[in-house]
1. Would you work out what percent of the accessible area of the chain, with all protein chains in place, is carbon or sulfur (probe 1.4 Å)?
2. Each residue of region 8-18 in order: what ³J(HN,Hα) in whole Hz does its phi give by Karplus 6.51 cos²θ - 1.76 cosθ + 1.60, θ = phi - 60°, with x for Gly and Pro?
3. Quote the charge dipole size of the chain about the Cα centre in Debye, to the nearest 20; the model charges only the Cβ of Lys and Arg (+1) and of Asp and Glu (-1).
4. Which whole-number value in Å² is the accessible area per residue of the chain, probe 1.4 Å?
5. If we sort 36-49, 3-16 on the protection proxy, mean other Cβ atoms within 10 Å, highest first, what's the order?
6. Would the chain count as rounded, prolate or oblate if I go by the C-alpha gyration tensor, calling it rounded below 1.5 in a/c and otherwise prolate when a/b exceeds b/c, oblate otherwise?
Amino acid sequence: MPERCPVVRVPLRGEPVPVRRFLAAVRRGSERRPPVARGLAALRAAAGEREAKGV
């Protein structure tokens, strides 16, 4: 990443707790392709972990 565009992680706090929603759109049928299926599964797993933690 170029030095002129630094990335900084900023924790979000507040009431209500800020949330972010993701939408994964794939071409019809491509969800069966192994790389796409793995990516979608990883997103679902991450969402499930966060939901289980109550985040």
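1. Working: 3280 of 5890 Å².
Ligands and nucleic acids excluded, carbon and sulfur reach 56 percent.
2. 10, 8, 10, x, 9, 9, x, 10, x, 4, x
3. On the way: 13 positive and 5 negative charges, 55 e Å.
Roughly 260 debye for the chain.
4. On the way: 5890 Å² over 55 residues.
On a per-residue basis, 107 Å².
5. Working: 36-49: 11.7, 3-16: 5.5.
For the peptides 36-49, 3-16, the packing ranking is 36-49, 3-16.
6. On the way: a/c = 2.69, a/b = 1.34, b/c = 2.01.
It is oblate, given that a/c is not under 1.5 and a/b is not larger than b/c.
The values are calculated or read from the model by the stated rules, or taken from the named source; none is laboratory data. A quick note: this is a predicted structure, and the numbers were derived from the prediction, not measured. Heads up, the Cβs are rebuilt from the backbone with ideal geometry, glycines too, and the neighbour counts pull from every protein chain shown. Protein only, heavy atoms only, side chains kept; ligands, DNA and RNA dropped before computing areas. Shrake-Rupley method; radii C 1.70, N 1.55, O 1.52, S 1.80 Å.
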